[in-house]
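Okay, structure first, notes after.
Throughout, read-outs are computed from the coordinates displayed, never taken from laboratory work. Everything numeric here is computed off the predicted structure, so don't read it as measured data. Note: ideal-geometry Cβ built from the backbone for every residue, glycine included; neighbour counts use all protein chains shown.
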Amino acid sequence: MLKAVRRLLFGGDPPAAPRAPVPPADVQAQLQAPARAAAEGRPDEAIRMLEALLQAHPDAGDAHLLLGTLQHQRGEMEEARDSYTLATHFAPQSWRAHYHLGLLDLEDGRAAHAARALEQALVHSGPNPRVHNALGAAYIKARAFEFAVEQFRLAIALDAGYAEARSNLGYVLFRELEEYTAGASYIEQALALEPERPATLLNWALVLQQRGRSHEALRVYDRLLDADPGFDEARLNRGLILLARGEFSRGWEDYEARKVLSPPGAAGARRRDEWDGSDLADSGIVLYGEQGLGDEIMFASCVPDILRTAGRCVIECNPKLTALFRRSFPQAIVRATGETDASAQAVQHRAEWRSAIGSVPRFLRKTASDFPAHPGYLRADPARVSYWTERLAALPGRRKVGISWRGGAPSTRGSLRSVPLEQWRGVLRLAGIDFVSLQYTDCSAEMAEVAAGSETRVHHWREALDDYDETAALVSALDLVISVQTAAVHLSGALGVATWALIPETPEWRYGEDGEAMRWYPSVTLVRKQRGEDWTHVLARVEQRLASARGDGGPRG
């Protein structure tokens, strides 16, 4: 562990007085033997020699660097970080020391630290395609996507045949910035340069999925997992395709890979207590939320099944959902994630099991027939539903329709999931219908533009959208919800409100690959955008369907 050496930078008692300095050339000569041992696959021997060398010469930066790389290879992350840090201290001009420290931080999820180390590496290395590429990866992790693009372009300018940089550039353009054509082109170029590189194949499979060629993407994922069963990104992506196809038993197993890539947590939980599908009679279980608001709502459809059998149940959820979940699941103790509650802690302490709520369907929704034909499992506040029913009744239209037209962010394919309000004009002009905004983002400018010079109006009550329990009451008072892929679909479907969901050609897995029905919510009808269509055609179908359902009049304004 070289504890005495590490105290030079990390505190503690000072090391013994150093020996007389040895000329750097002699230290470099002594490094040849451990370097040879490392190159010949004898890491233990190399480490022993390096530790002996560093006991005598603790300021040998290159020795710290080589030791760090060996520790890194063995998965000894903290030891490697110490060694790399010592290397940067004793050899501050060594770009490789900063570079390897940056790679370690990147692997360890410390994006900001990685970026700083890699920027320092560039100071000392000058233009270097490897460093630019690694720095681009750090910027992706830090969600500084434009900076990442710049670094990948610099790497390619320095090395036109650098397949990894082309693949990374393609990924950030395609996945994060939604520049699908340009991103796919770079990924294809990388594939031509290195056809067997796993990360490039993974990116190419994403392109195939976006193009509606999921069967080909599935073959790529199978191939990657045959070569490396521990390739969790490929496993999760394969699972999403299987779930979209309705192959639930296999799909849920692959879906568990998400917990390796983004580990969820639950207060007071112990890893050995993960629920394995065992009978919950007379047992306690803690269900904890994960991922987005819509996911928590959707997976909560399994809570009634749990409550029918479990002796005790604690639900940890997004704070926005606590009031709604408490009313809907009175047998459970519901608390916000991270909230301290004595009664919940008492039950949790006695709970034999815990489970991420997204893992519950693995045992309860193995086939399509396992999805219940429920009338809605969430319950809005009856008094607030009455309030909104009366307020809506005061409007002139006979039908009250909630709409949501923007969803997601670039990292969640926001452009594919959003339909500008301008394109809804035909729908909004239909007579006899009052339209209500369920858009929680600020879209006041869009609504004002659509309303200008016409009778078209979308009612928007901020107070109903700032509180999710109030939103549930408003939604429950509506006749219909029409929404793009947002949490509004999950909320209205979970409340049992009639819903038309506007779905792009390549929808999220939960909407399935085809059909109008959504297994999770019987009240939801899927209106799919066909390949080659634009949203104007989809909304024309919605307009026609609304007019037919209304049975009177034509457009107004």
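Quick rundown of the values:
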item	result
Net charge dipole size for segment 393-550 [Lys, Arg +1 and Asp, Glu -1 on Cβ; Debye, nearest 20]	480
Option label - percent of Cα pairs over 35 Å apart computed here, alternatives (i) 36; (ii) 51; (iii) 57	(ii)
Residues Val260 and Asp44, FRET efficiency given R0 of 30 Å [Cβ-Cβ distance, rounded to 0.05]	0.55
Nearest-ten-degree value, helix 180-193 long axis tilted from longest Cα axis of the chain	40
Size of charge dipole - the chain - debye, nearest 20, with Cβ of Lys, Arg +1 and Asp, Glu -1, no other charges	980
Antiparallel DSSP beta bridges within the chain, percent to nearest 5	10
Helix 43-56 vs. the chain, principal-axis angle (Cα, 0 to 90°, nearest 10)	60
Scaled radius of gyration (Cα, divided by 2.2 N^0.38 Å) that segment 349-394 gives	1.92
Folded to 0 to 90 degrees: helix 61-73 orientation relative to the chain principal axis, Cα	50
Calculated log₁₀ intensity ratio I(q)/I(0) where the Debye formula runs over C-alpha points of segment 271-370, q = 0.11, 0.24 Å⁻¹	-0.28, -1.45
All lysines inside 27 Å of Lys529 as judged from Cα atoms, apart from same-chain residues fewer than 8 positions distant	Lys400
P(r) histogram, all alpha-carbon pairs of segment 393-550 included - 10 Å bins from 0, percent	11, 43, 39, 8, 0
Positive-end extreme of charge dipole, the chain - chosen from Leu135, Val419, Thr85 (charges on Cβ)	Val419
Segment 415-557 - share of DSSP beta bridges that are antiparallel (%, nearest 5)	20
